[in-house]
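Before any comments, here is the structure.
The values are calculated or read from the model by the stated rules, or taken from the named source; none is laboratory data. The structure displayed is predicted, hence computed values, not measured ones. As a convention, Cβ positions derive from the backbone with ideal geometry for all residues, glycine included, and neighbour counts pool all protein chains shown. Surface accessibility is based on the protein's heavy atoms, side chains included, excluding ligands, DNA and RNA. Shrake-Rupley method; radii C 1.70, N 1.55, O 1.52, S 1.80 Å.
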Amino acid sequence: MKILVVGSNGMLGSDLILELQKTRHQVIGTGRMDLDITDQDAVKRFIQHQRPRWVLLTAAFTNVDECETRRGLASSVNTEGAHYVASASLEVGARLCYISTDYIFNGNKAEPYTEDD
C-alpha cells in the first residue's frame with residue numbers, strides 16, 4: 001500500500017516516516033519545499049501523480065503565537081491547505097488522516113467534529 005505523509009519534515013511527520021519505513025508499505029514523504037499545500041493546483045497534480053491509498057496530513061503552521069499575529073498565513077496553511085489536500089485525496093480515492101492538537105480541538109464539543117470545524 002502506498003502512504004503519503006504530507007509534512008514529513010516536521011516533528012510528527014518525520015516520526016511517522018521513521019515508523020512507517022519499518023513496514024512493508026511504500027512510504028512517500030513530502031515537505032514544504034517539495035509541495036506547497038497552499039497551491040491547490042500543485043497539490044492536485046502531486047496527489048494525482050502519486051495516487052496514494054492513504055494520505056497522512058501533518059503539515060501545519062503550528063507556532064501558536066505567530067498564528068495569532070499572522071492569521072492570513074495560518075488560515076492559508078491550516079484551513080485552505082488542508083482543504084486542498086482533502087479534496088485531492090478524495091479525487092483519487094485515498095483515505096485521509098489529519099491530526100490536530102488540543103489547541104484547536106480540545107475534545108469538549110458535545111457532538112462529533114465535522115470537516116467544517
Cβ-Cβ below 6 Å, separation at least six or inter-chain, first residue in segment 52-79 and without any contact (Cβ under 8 Å) to a residue 12 or more places away in the chain, second open to solvent by less than 30 Å² (accessible area, probe 1.4 Å) and of a type outside the set (Lys, Arg): which pairs? Cys67/Ala74
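Any idea which of Ile37, Ile28 is surrounded by 15 or more Cβ atoms within 10 Å (Cβ to Cβ) and in contact (Cβ under 8 Å) with a residue 40 or more places away in the chain?
On the way: Ile28 fails: in contact (Cβ under 8 Å) with a residue 40 or more places away in the chain.
Result of the check over Ile37, Ile28: Ile37.
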List pairs: first residue in segment 96-112 and within 27 Å of Met1 (Cβ to Cβ), second residue modelled with pLDDT of 85 or more and not hydrophobic (A, V, I, L, M, F, W, C) anywhere in the structure, Cβ distance under 6 angstrom, at least six positions apart or on different chains. Leu96/Ser89
Which condition number does Ala60 fail, the rest of (1) assigned to a helix (DSSP H, G or I); (2) under 14 Å from the mean Cα position of the chain (by Cα); (3) crowded, with 17+ Cβ neighbours inside 10 Å being met? (1)
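Residue by residue, here is whether (1) assigned to a helix (DSSP H, G or I); (2) farther than 18 Å from Arg95 by Cβ holds:
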position	(1), (2)
Ile3	no, no
Gly13	yes, no
Glu19	yes, no
Val27	no, no
Thr38	no, yes
Gln48	yes, no
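Please work out if Glu80 is under 14 Å from the mean Cα position of the chain (by Cα), closer than 21 Å to Thr114 by Cα and acidic (Asp, Glu). Reasoning before the result, please.
On the way: under 14 Å from the mean Cα position of the chain (by Cα): yes; closer than 21 Å to Thr114 by Cα: yes; acidic (Asp, Glu): yes.
Criteria met by Glu80.
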